[in-house]
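The values are calculated or read from the model by the stated rules, or taken from the named source; none is laboratory data. Since we're looking at a predicted model, the values are computed, not measured. No Cβ is skipped: glycine too gets one built from the backbone with ideal geometry, and neighbour counts run over all protein chains shown.
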Amino acid sequence: MEESVSLLAALHSVAFNSETPDQLNWGEKKSGKFLVKATFKLLGPQNAITDHWPWKLIWKIKLPPKISCFSWTALHGVCLTQDNLTRRKFQMATRCYMCMKEAETQNHLFLQCQIAADLWSMFLAHFDLTWVMPQNIKDVVISWSCWKVDSTIKRIWKMIPATIFWSIWNERNRRCFDGISTTYQSLKANCLMFLYSWVYLSPLDSPDSFLNFVSSLTLN
Ligand SMILES: [Zn+2]
């Protein structure tokens, strides 16, 4: 009731001009124009939509769209790993195809499995770094992006988590659906080759040979 009275009081002071054509105005912008971007910002804090979600770490990195989409699913925890399939009522005994020891969860497959840990270590060794890795994918990607690295390596640096995730997912699917296992050395080489091909998009035209590219992965 009180609100209705205040509304009527507010409307009372409005002078209508019958010559001005009616139009829709959105009150959140001076221009009166509705913008999806502005609405998203407006709704974000109220509904935890933004939640410091690291969308730039996926969509602003120059990777093939298929790889960006896959990273997006990994960060949202919705890759079709066995734990997610069992949540969808698939009946199965979950076991990681990479190590055949632990249950297959996303965090295990991409971070904690020995094969995943070795791929992360390979890059850390290239850059001569030690790192206490966070326990979930989102924190890993955010933490990785927080390293202060030189601008010359920054673009490649940002591509590395997605490269590792994709390499593991590829290998996991080969083992799951084709029954083929790549040797660990080949898996490492494939991972570096993915990165090389995405950095230069067309490796044949790249200014660097693959070996030069690999040896350039340093922080100097
Ligand atoms: Zn494993």
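Quick look at the values:
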quantity: Filtered residues of region 8-28 (kept if closer than 26 Å to residue 42 by Cα and of a type in the set (A, V, I, L, M, F, W, C)); calculated: 10, 11, 24, 26
quantity: Options 131, 157, 166; residue that is modelled with pLDDT of 95 or more and surrounded by 13 or more Cβ atoms within 10 Å (Cβ to Cβ); calculated: 166
quantity: Among the candidates 183, 105, 94, residue that is among the hydroxyl-bearing types (Ser, Thr, Tyr), in the same structural domain as residue 201 (by TED's automatic domain parsing), within 23 Å of the chain's Cα centre (by Cα) and over 20 Å from residue 55 (Cβ atoms); calculated: 105
quantity: Residues of region 172-209 classified as part of a helix (DSSP H, G or I) and at pLDDT 80 or above, total; calculated: 24
quantity: 1 or more residues under 29 Å from residue 175 (Cα atoms), within 16 Å of the ligand (Cβ to nearest atom) and without any contact (Cβ under 8 Å) to a residue 24 or more places away in the chain: qualifying helices (runs of 4 or more DSSP H) within region 46-164; calculated: 82-87, 114-126
quantity: Given (1) under 17 Å from the mean Cα position of the chain (by Cα); (2) surrounded by 13 or more Cβ atoms within 10 Å (Cβ to Cβ), index of the condition residue 175 fails; calculated: (1)
